[in-house]
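As structure tokens, the structure follows; a few thoughts come after it.
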């Protein structure tokens with residue numbers, strides 16, 4: 001496991017808001033302390049990789065209505081032992097959307113969040129130390145996979161009809177500063 005690569009990215013990252021500064025510190029502490037931080041088997045929590053996927057025109061972003069969590073969030077998932085969290089975000093975005101051609105707009109971290117995942121069946125409640133990257137799809141066409149109730153290209157004005165996490169709203173604010 002190459003925790004040092006992630007720790008270096010985390011050290012370079014400049015959060016824009018206080019909540020994210022706290023999350024950055026939590027992730028740095030967790031990754032420094034837990035040798036198995038990329039493994040889902042670490043029951044207290046694990047590093048995950050997420051994707052803020054923009055459409056080809058960069059006018060909308062792709063959200064999933066997550067089946068297990070029953071909420072609208074960005075694409076992403078477990079590292080499953082992979083220490084390259086950008087590769088994790090790309091893999092998860094492609095798998096969850098069915099869009100083969102998704103590429104990073106930057107290899108640097110776009111956003112950081114730490115959030116609790118509730119207990120589900122035999123899996124106890126735990127934390128996701130989520131590292132998020134800015135990506136772009138080459139196509140608007142997607143396929144809803146088994147992990148989702150639905151997928152949708154969403155514009156900022158569409159957020160009023162969706163109940164989304166504050167961290168999703170924060171990524172919208174960041175993205176709007178870029179366009």
Out of all the residues in segment 65-90, which are free of Cβ contacts under 8 Å to residues at least 60 places away in the same chain, outside any loop (DSSP other than H, G, I, E, B) and either out of contact with any helix residue (DSSP H, G or I) (no Cβ under 6 Å at 6 or more places or on another chain) or surrounded by fewer than 16 Cβ atoms within 10 Å (Cβ to Cβ) (or both)? 78, 86, 87, 88, 89, 90
Is it the case that segment 16-24 has a residue that's modelled with pLDDT under 95, over 14 Å from the mean Cα position of the chain (by Cα) and surrounded by 13 or more Cβ atoms within 10 Å (Cβ to Cβ)? yes
Residue satisfying condition, being more than 15 Å from the chain's Cα centre (by Cα), farther than 20 Å from residue 167 by Cα and modelled with pLDDT of 95 or more, within set 84, 80, 101: 101
Being under 11 Å from residue 101 (Cβ atoms) and touching a strand residue (DSSP E or B) at 6+ places or on another chain (Cβ under 8 Å) is the filter; apply it to segment 131-152 and report the residue that is surrounded by the most Cβ atoms within 10 Å (Cβ to Cβ). 135
Suppose we filter segment 96-122 for residues that are closer than 21 Å to residue 68 by Cβ, without any contact (Cβ under 8 Å) to a residue 40 or more places away in the chain and in a strand (DSSP E or B); how many remain? 1
Among 10, 62, which is the only one that is assigned to a helix (DSSP H, G or I), touching a residue at least 40 places away in the same chain (Cβ under 8 Å) and over 14 Å from residue 167 (Cβ atoms)? 10
Within segment 133-148, how many residues are out of contact with any helix residue (DSSP H, G or I) (no Cβ under 8 Å at 6 or more places or on another chain) and modelled with pLDDT of 90 or more? 6
Unique match (being under 18 Å from residue 53 (Cα atoms) and in a strand (DSSP E or B)) among 140, 130: 130
Looking at (1) free of Cβ contacts under 8 Å to residues at least 60 places away in the same chain; (2) in a loop (DSSP other than H, G, I, E, B), which is the only condition residue 93 fails? (2)
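The values are calculated or read from the model by the stated rules, or taken from the named source; none is laboratory data. Everything numeric here is computed off the predicted structure, so don't read it as measured data. Ideal geometry is used to build each Cβ from the backbone, glycine not excepted, and the neighbour counts take in all protein chains shown.
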